[in-house]
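Structure, as structure tokens:
The values are calculated or read from the model by the stated rules, or taken from the named source; none is laboratory data. In this text the structure is predicted, and so the values were computed from the model without any measurement. A quick note on method: Cβ atoms are made from the backbone with ideal geometry, for glycine too, and the neighbour counts reach across all protein chains shown.
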Amino acid sequence: MTDVVQPRSRLRDGRLTIAGLLGRFGFYLAMLILILVFATLSSAFLTLANGINILQQTSTIGIITLGETLVILAGGIDVSVGSVLGLGGMVAAIALRDAGAGTVTAALLGTGAGLVVGLLNGLVITRLRIDPFITTLATLSSVRGIVYIVSNQYNVYVPDGSSFFFLGRGHIAGIPISVVIFAILFAVLWLMERQTTIGRSIHALGGNQATAHLCGVPLATIRTATYAISGAGAALSGVIITSQVGLAVPYQGSGYELDVIAAVVVGGVALTGGTGSVLVGALGSIFIGVLLNGMALINMPAIWQMVIQGIVIILAVALYGVARSRTT
């Protein structure tokens, strides 16, 4: 199993091909160029404070990206993560305000709500055999409606003085708590992917479902597990964002699914499944974070930021597509 897209990069005479080099190192070259460009245009870019700021801004998207990566590696897709993010934050805020729940309890309730939604997605997809995109698209709409209902369409504020704020605003040795959580989750899922049968089964399922079935992979269980992880991760990000801003809003997380899928694709995970890893998914989220941070520092208009982000995604997909087609 590899961490990055590694198409065959050698010809029969032993020489490296351009396509192979692009497939293996194109992402890192693009990241380096991006850093150099923004470092040249803004003196504030290459500073420790801005580096930590990028990681903090990226951490919530990154947490969702980890779960989304597993879903896509297994041959699925989850476009409901934005709404599930909103649900997780709202459940945690209501638990704090109305039930007097503590920080841990509120965080667990919010994350648990996302876990339940993820399990339902997985069960509908595997038991009722409904297309993953259609299923999660319906979930996106339904969960958003539930968030509006439970909040009565009002913002829900975290009580003043609550220790819950530490989750989104606290630091450990100068590192934001959200970054620490992102790093821990990445380490756990990366080890699971590389060292366990579950991780190998996820890749097998996305690579060739028929072969995976013949090899005894429990397809329904594995696919459902990926959606459960995705749902829990999205809701946890919602909990952290609610802690950062001090309130939950009914529309929180709208559009996040696009940023998350963009990060997965830019990192080099194939939407067809089986190719990529949690590592490149995480790196993809950091790449998007660097891009957005750099454009903000040079005061690029928001509308042009959207245009450039779209162009970068297209170029990334084209790069990996060419590399794969020319080396297979």
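Tabulated data for the structure shown
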quantity	calculated
Search result, residues across segment 212-224 that are closer than 16 Å to residue 67 by Cα and loosely packed, with under 15 Cβ neighbours inside 10 Å	221
Qualifying residue in segment 51-72 (condition: surrounded by fewer than 23 Cβ atoms within 10 Å (Cβ to Cβ), closer than 30 Å to residue 300 by Cβ, at pLDDT below 95 and more than 23 Å from the chain's Cα centre (by Cα))	no
Number of positions in segment 176-198 that are under 19 Å from residue 231 (Cβ atoms) and either surrounded by 15 or more Cβ atoms within 10 Å (Cβ to Cβ) or among the hydroxyl-bearing types (Ser, Thr, Tyr) (or both)	9
Residue that is modelled with the highest pLDDT [pool: residues in segment 162-211 that are of a type in the set (S, T, N, Q) and in a helix (DSSP H, G or I)]	178
Residue 173, sole failed condition from (1) surrounded by fewer than 16 Cβ atoms within 10 Å (Cβ to Cβ); (2) within 24 Å of residue 273 (Cα to Cα); (3) more than 18 Å from the chain's Cα centre (by Cα)	(2)
Test: residue 91 is touching a residue at least 24 places away in the same chain (Cβ under 8 Å), β-branched (Val, Ile, Thr), within 19 Å of residue 224 (Cα to Cα) and buried (at least 24 other Cβ atoms within 10 Å of the Cβ)	no
Members of segment 116-161 found to be of a type in the set (Ser, Thr, Tyr) and assigned to a loop (DSSP other than H, G, I, E, B), listed by number	151, 154
Residue that is surrounded by the most Cβ atoms within 10 Å (Cβ to Cβ) [pool: residues in segment 150-167 that are farther than 12 Å from residue 106 by Cβ and of a type in the set (Ser, Thr, Tyr)]	151
Filter result for residue 209 (surrounded by fewer than 20 Cβ atoms within 10 Å (Cβ to Cβ), under 21 Å from residue 123 (Cα atoms) and not β-branched (Val, Ile, Thr))	yes
Enumerated helices (runs of 4 or more DSSP H) restricted to segment 226-328, each holding at least 3 residues that are surrounded by 23 or more Cβ atoms within 10 Å (Cβ to Cβ) and touching a residue at least 60 places away in the same chain (Cβ under 8 Å)	256-267, 278-297
Residue within segment 94-103 that is crowded, with 24+ Cβ neighbours inside 10 Å, in contact with a helix residue (DSSP H, G or I) (Cβ under 6 Å, 6 or more places away or on another chain) and over 20 Å from residue 254 (Cβ atoms) present	yes
Failed item, numbered, when residue 101 is tested on (1) part of a helix (DSSP H, G or I); (2) free of Cβ contacts under 8 Å to residues at least 12 places away in the same chain	(1)
Residue check for residue 181: under 18 Å from the mean Cα position of the chain (by Cα), within 19 Å of residue 88 (Cα to Cα) and β-branched (Val, Ile, Thr)	yes
